[in-house]
Amino acid sequence: MPLTHVESTVLLEPPFEGSEKRVEVDFTLGPGAPVNGLRSLAREQLDELMSLARCCIVSNRSNSNFDAYVLSESSLFVYPTKFVLKTCGTTLLLDSLPRLLEVAALTGLTAVRCKYTRASFLFPKHQPKLYHNFEDECSLLDNLFGHLQAGNGQQYVLGRPCEGLQWHVYVAGHVSAPMPTFNLELCMTKLGAKQCRQFFREGGFVSSAQTTEDTGIAKLLPGADMDDYVFEPCGYSMNGVIAHQFITIHVSPEESSSYASLEISGHMEDLPDCSNLLAQAVEIFRPGKISVAVSVDDASAAGAALWGDLSHPPVNYGYVGATCQMLSCGGRVMYYTLNAGSEEGLPKLQDQAGSISPKTVLHQSTSFLSNSALVGVA
């Protein structure tokens with residue numbers, strides 16, 4: 001039969017999802033386990049775990065305390081008894097956890113706590129089905145970690161939709177450490193157009209290291225060993241390691257979906273001042289909206305009540321919302337949202353007692369798997 005009609009269908013690439021999923025699993029060393037714990041896992045085992053999450057390792061840095069890996073979609077940090085995986089795009093982060101528990105058990109480690117966090121997705125309809133509803137994510141996590149505490153894990157949603165991105169938290173179990181871990185996480189959207197161009201491989205691009213220096217990122221954690229990468233045609237990832245601390249930054253500079261995240265983690269006495277770090281980040285990215293999560297494993301630890309003071313916002317930014325949530329494991333999360341072009345001071349922190357579960361099931365469709373084109377590391 002002669003062809004009388006040709007229908008041409010063009011599938012447009014979906015916008016890239018900058019908001020990351022993050023999981024942190026703490027373990028204890030059992031009898032006979034290697035003293036370096038999870039750091040003894042072979043590269044092939046790590047590659048398998050990343051493949052399950054739909055990402056891959058690009059490069060890595062190590063010091064005497066932990067290993068840091070830049071991924072095609074965000075970052076991985078491996079300590080002797082802590083595993084931190086952070087992935088963006090449409091990755092399947094939670095799919096890696098059953099196998100993680102298996103290889104950890106074979107190495108002689110037992111999970112004692114799991115903490116899973118993420119901001120609201122910028123393009124939720126493009127996420128795989130599991131991530132359409134936070135309660136479904138929590139159900140999967142309860143199947144793996146719910147036994148770590150009575151009544152399964154606890155889930156929380158901080159902030160209100162009208163204020164910007166919300167912060168989703170799942171936690172089960174408890175970790176006892178001589179020095180608690182402190183985290184500051186920034187989610188920034190509507191980045192300045194000039195600032196976005198710094199993260200493209202074009203024109204004046206020299207190297208990833210030069211981009212880190214020219215943007216001011218290198219000054220955020222002085223002395224850190226930086227592992228940076230500018231993707232083709234655009235995008236940026238960086239891990240910095242020093243002592244027990246890490247800093248990680250990921251940038252999606254596309255005009256229609258510009259996004260940058262910054263996280264710094266470590267022991268309180270080694271971390272920079274939170275207000276200063278926020279002000280520096282604003283200078284680098286000029287975001288229109290900012291969400292800030294400040295958390296600590298042990299809210300009763302010395303100095304924990306004062307760490308993360310953000311009572312003075314950056315110039316030309318004002319607060320839209322502020323929430324404080326005590327976690328069932330003894331930790332605490334403070335969550336703030338800020339907008340540019342405002343001078344509103346810090347509102348009274350809204351205490352959220354108990355757990356809050358989203359009840360609305362979002363009807364969304366899946367999209368292409370996240371893929372980043374890797375061109376020779378600069």
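The values are calculated or read from the model by the stated rules, or taken from the named source; none is laboratory data. Bear in mind that the values here come from a model prediction, so they are computed numbers and not experimental data. Positions of Cβ are backbone-derived with ideal geometry, glycine not excepted, and every protein chain shown enters the neighbour counts. Just the protein is used for accessible areas: all its heavy atoms, side chains included, with ligands, DNA and RNA removed. Shrake-Rupley method; radii C 1.70, N 1.55, O 1.52, S 1.80 Å.
Screening the range 1-47 for residues that are closer than 20 Å to GLU73 by Cβ and small (Gly, Ala, Ser) and picking the one that is modelled with the highest pLDDT gives SER19.
Can you name the residue in the range 184-205 that is open to solvent by 70 Å² or more (accessible area, probe 1.4 Å) and in contact (Cβ under 8 Å) with a residue 24 or more places away in the chain and, of all such residues, is nearest to ASP309 (Cα to Cα)? Within the range 184-205, the match that is nearest to ASP309 (Cα to Cα) is LYS190. Considering only residues of the range 120-139 that are hydroxyl-bearing (Ser, Thr, Tyr) and closer than 29 Å to PHE182 by Cβ, which is surrounded by the fewest Cβ atoms within 10 Å (Cβ to Cβ)? So, considering only residues that are hydroxyl-bearing (Ser, Thr, Tyr) and closer than 29 Å to PHE182 by Cβ, the one surrounded by the fewest Cβ atoms within 10 Å (Cβ to Cβ) is SER120.
Within the range 297-316, can one find any residue that is at pLDDT 90 or above and either among the aromatic types (Phe, Trp, Tyr) or touching a Pro at 6+ places or on another chain (Cβ under 9 Å) (or both)? Checked the range 297-316: no residue is at pLDDT 90 or above and either among the aromatic types (Phe, Trp, Tyr) or touching a Pro at 6+ places or on another chain (Cβ under 9 Å) (or both). Counting only strands (runs of 3 or more DSSP E) that sit wholly inside the range 254-349, those with at least 2 residues that are aromatic (Phe, Trp, Tyr) and over 14 Å from ASN183 (Cα atoms) are 317-326. The conditions of being in a loop (DSSP other than H, G, I, E, B) and open to solvent by 40 Å² or more (accessible area, probe 1.4 Å) are not met by SER51. Looking only at the range 222-242, residues that are in a loop (DSSP other than H, G, I, E, B) and either open to solvent by less than 10 Å² (accessible area, probe 1.4 Å) or in contact with an Asp or Glu (Cβ under 6 Å, 6 or more places away or on another chain) (or both) come to 1 in all. Criterion first (among the polar types (S, T, N, Q) and either part of a helix (DSSP H, G or I) or over 22 Å from PRO180 (Cβ atoms) (or both)) does THR117 satisfy it? When the stated conditions are applied, THR117 does not pass them.
If you filter the range 140-183 down to residues that are buried (at least 18 other Cβ atoms within 10 Å of the Cβ) and hydroxyl-bearing (Ser, Thr, Tyr), you find that the one that is nearest to SER291 (Cα to Cα) is TYR156.
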